[in-house]
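Worksheet for the structure shown next.
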Amino acid sequence: MGIKRRPATEAEARALASSVRLRILRLCLDQALTNKEIAGRLGANPATTLHHVRKLVGTGFLAAQPSRPGPRGSTEIPYRATGKSWDMDVRESGVTGSNAAILDAFLEEIKLIDIEEGNFTRLGLRLTAEGHAELLRRLRKVFEDFRERPPAPDGEAYSLFVSLHRDIARDA
């Protein structure tokens with residue numbers, strides 16, 4: 001989309017081809033969470049969640065934080081997203097499924113909100129190859145500008161989903 005991202009390795013691309021793992025990364029973006037906390041927020045089995053957490057740690061997308069005391073004398077390990085996924089391009093890896101995983105993660109997350117609270121916009125365009133490239137470049141610039149801002153301690157969490165795709169129905 002403009003700014004050059006490094007190609008993802010096959011292992012990295014496979015790790016990102018899961019909507020559950022993408023949701024875990026989003027949950028751990030602002031705060032470190034334990035596997036149990038992640039499973040609770042996802043409404044998932046902790047053993048299944050641990051499998052996904054280990055895959056994300058193994059590929060560098062999640063980082064274990066210092067352990068902390070848990071209930072009844074146990075030790076808990078919280079995990080935090082590293083932001084590594086933003087700097088790579090999974091398209092060149094040859095692994096399919098990343099776009100489907102992003103869409104599935106979005107659809108799961110959007111179920112959790114009051115739909116009337118969302119801000120949705122659709123726009124039909126007819127672009128040349130140059131116009132398409134310009135739009136992608138400008139969107140990427142906006143994304144980068146906001147990504148580089150330090151998180152506002154008193155700010156609310158927002159998610160942004162953008163889809164630019166061929167409008168097959170209009171070309172029929």
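Just so you know, all these numbers are worked out from the coordinates, no wet-lab data involved. What you see is a predicted model; the values in this text were computed from it and never measured. Glycine gets a Cβ as well: all are built from the backbone with ideal geometry, and neighbour counts include every protein chain shown.
May I ask you to list the trypsin sites (Lys or Arg not before Pro) in region 73-172 that are in a DSSP loop and have at most 13 other Cβ atoms within 10 Å of their Cβ?
On the way: sites: 80, 84, 91, 111, 122, 126, 137, 138, 140, 141, 147, 166, 170; in loops: 111, 122, 126, 166.
Answer in residue order: 111, 122, 126, 166.
Please identify the chymotrypsin sites (Phe, Trp or Tyr not before Pro) of region 53-99 that satisfy two criteria: DSSP loop assignment and at most 15 other Cβ atoms within 10 Å. Which are they?
Numbers: sites: 61, 79, 86; in loops: 61.
Here no chymotrypsin sites (Phe, Trp or Tyr not before Pro) fit, given the DSSP loop and packing criteria.
Please work out the FRET efficiency for the pair residue 31 and residue 172, using the Cβ-Cβ distance as r and a Förster radius of 30 Å; give the result to the nearest 0.05.
Numbers: r = 47 Å, r/R0 = 1.56.
That gives a FRET efficiency of 0.05.
Counting only residues 5 or more places away or on other chains, whose amide H sits under 5 Å from the amide H of residue 79 once H atoms are built in the peptide plane?
33, 34, 65
Quote to one decimal, in nm, the extra length available between residue 63 and residue 92 on full extension: 0.36 nm per residue of separation minus the C-alpha distance between them. Numbers along the way, then the final one.
On the way: separation 29, 0.36 × 29 = 10.44 nm, distance 2.48 nm.
Length gained between residue 63 and residue 92: 8.0 nm.
For n ≥ 4 DSSP H runs only, could you compute -39500 (n - 2.57) per run for the chain, divide by its residues and tell me the 222 nm figure to the nearest 500? Kindly include the intermediate steps, with their values, before the conclusion.
Details: 7 runs with 73 residues, N = 172.
That calculation yields -12500 deg cm²/dmol at 222 nm.
So how far apart, in nm, are the two label points at residue 143 and residue 109 if each is 7 Å from Cα heading toward Cβ?
1.2
Quick check of the Kirkwood formula: for the chain, what is the inverse mean of 1/r over all pairs of different Cα atoms, in Å? Walk me through the intermediate numbers first.
Details: mean 1/r = 0.0551 Å⁻¹.
One decimal place: 18.1 Å for the Kirkwood radius.
For region 106-119, in order, what is each residue's ³J(HN,Hα) by Karplus, 6.51 cos²θ - 1.76 cosθ + 1.60 with θ = phi - 60°, in whole Hz (x at glycine and Pro)?
Here the 3J(HN,Hα) series is 4, 4, 5, 5, 5, 5, 7, 9, 6, 4, 6, 7, x, 10 Hz.
With point charges of +1 on the Cβ of Lys and Arg and -1 on the Cβ of Asp and Glu, referenced to the Cα centre of the chain, which listed residue (53, 150, 120) lies farthest in the positive direction of the dipole?
The residue sitting farthest along the positive end of the dipole is 53.
Work out the FRET efficiency for residue 72 and residue 99 from their Cβ-Cβ distance, taking R0 = 35 Å, and round it to the nearest 0.05. Numbers along the way, then the final one.
Details: r = 43 Å, r/R0 = 1.23.
Step by step, r from the Cβ atoms, then E = 0.20.
So, with +1 on the Cβ of K and R and -1 on the Cβ of D and E, and no other charges, what is the size of the charge dipole of the chain about its Cα centre, to the nearest 20 debye?
500
If we count GluC sites (Glu not before Pro) as exposed when they sit in a DSSP loop and have at most 12 other beta carbons within 10 Å, what is the longest stretch of the chain that avoids them all?
Here the longest segment lacking exposed loop sites spans 1-147.
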